[in-house]
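Colleague: Right, I'll just put the structure down here and ask away after.
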Amino acid sequence: MYETSDIKKGLKIQIDGTPFEVTYFQFVKPGKGQAFTRTKLKNMISGAQLEKTFKSGEKLEKADLEERTMQFLYPEDEHFVFMDTTSYEQLQLSTEQLGDNRYYLTDGLNVDVLLFNENPIGLTPPNFVELRVTETEPGFKGDTSSGTTKPAIMETGLTVNVPLFIEQDELLKIDTRTGDYAERVKK
């Protein structure tokens, strides 16, 4: 169990059997009356936002969450199939559960799958992934000082702004936290 003094951004709690993540909090001590903490919570299953106020000293239930390292195997219709690297058990996540993280998945990539009561609800990809450019405008040699970028479509369908010298079929390192180009991968 958590106390209201434990509330911080990123804390995962359970309300009425549903996991929520704290996205914002503010401790308020009015001149008169009991202190309280105003929070904004994100439903970790549906993504819906909720504003809730907790009185000082109130108990909060800890969410029954578990992270397991799993390997991405393949996409199947509207689902993506993952395999537990220790038990070889397979499970599926839907496109809605993955959100934009689906653009970082390549065959054999190890990711951390988040489970709530043994059911998958989301995943965390590694901080950087290597993706191949499948489509971009022709590159220009020597034009590296201006900082100008152009769009490039990666093998997973992700569109990233890259420097002008990047060409088709090059392997790039992409930051999954921001979705930005990090660097070219040397062969």
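The values are calculated or read from the model by the stated rules, or taken from the named source; none is laboratory data. All values derive from a computational prediction rather than experimental measurement. Quick reminder, even Gly has a Cβ in these numbers, built from the backbone with ideal geometry, and neighbours come from all protein chains shown. Note: areas computed on protein heavy atoms with side chains; ligands, DNA, RNA excluded. Shrake-Rupley method; radii C 1.70, N 1.55, O 1.52, S 1.80 Å.
Colleague: Name every residue in the range 39-93 that is within 21 Å of Ser5 (Cα to Cα) and acidic (Asp, Glu), in order of residue number.
Modeller: Hits for the range 39-93 are Glu51, Glu58, Glu61, Asp64.
Colleague: Within the range 57-67, take every residue that is open to solvent by 50 Å² or more (accessible area, probe 1.4 Å) and in a loop (DSSP other than H, G, I, E, B) and give me the one that is farthest from Glu118 (Cα to Cα).
Modeller: Glu58
Colleague: Kindly list, by first and then second residue, each pair from a residue in the range 7-20 that is polar (S, T, N, Q) to a residue that is open to solvent by less than 30 Å² (accessible area, probe 1.4 Å), limited to pairs with Cβ atoms under 7 Å and residues at least 6 apart or on different chains.
Modeller: Hits for this filter: Gln14/Ala63; Thr18/Asn43.
Colleague: Additional query: If you scan the range 77-120, which residues turn out to be among the charged types (D, E, K, R), more than 20 Å from Phe20 (Cα to Cα) and exposed (fewer than 13 other Cβ atoms within 10 Å of the Cβ)?
Modeller: Passing the criteria: Asp77, Glu78, Glu89, Asp107.
Colleague: Mind checking which residues of the range 163-183 are in a strand (DSSP E or B) and more than 21 Å from Pro125 (Cα to Cα)?
Modeller: Result: Pro163, single match.
Colleague: Taking the range 147-181 only, how many residues are surrounded by 15 or more Cβ atoms within 10 Å (Cβ to Cβ) and among the aromatic types (Phe, Trp, Tyr)?
Modeller: Adding up the residues that qualify gives 1.
Colleague: Sticking with this structure for a sec: Of the numbered conditions (1) open to solvent by 70 Å² or more (accessible area, probe 1.4 Å); (2) within 27 Å of Glu67 (Cβ to Cβ), Leu123 fails exactly one; give the number of that condition.
Modeller: Every listed condition holds for Leu123 apart from (1).
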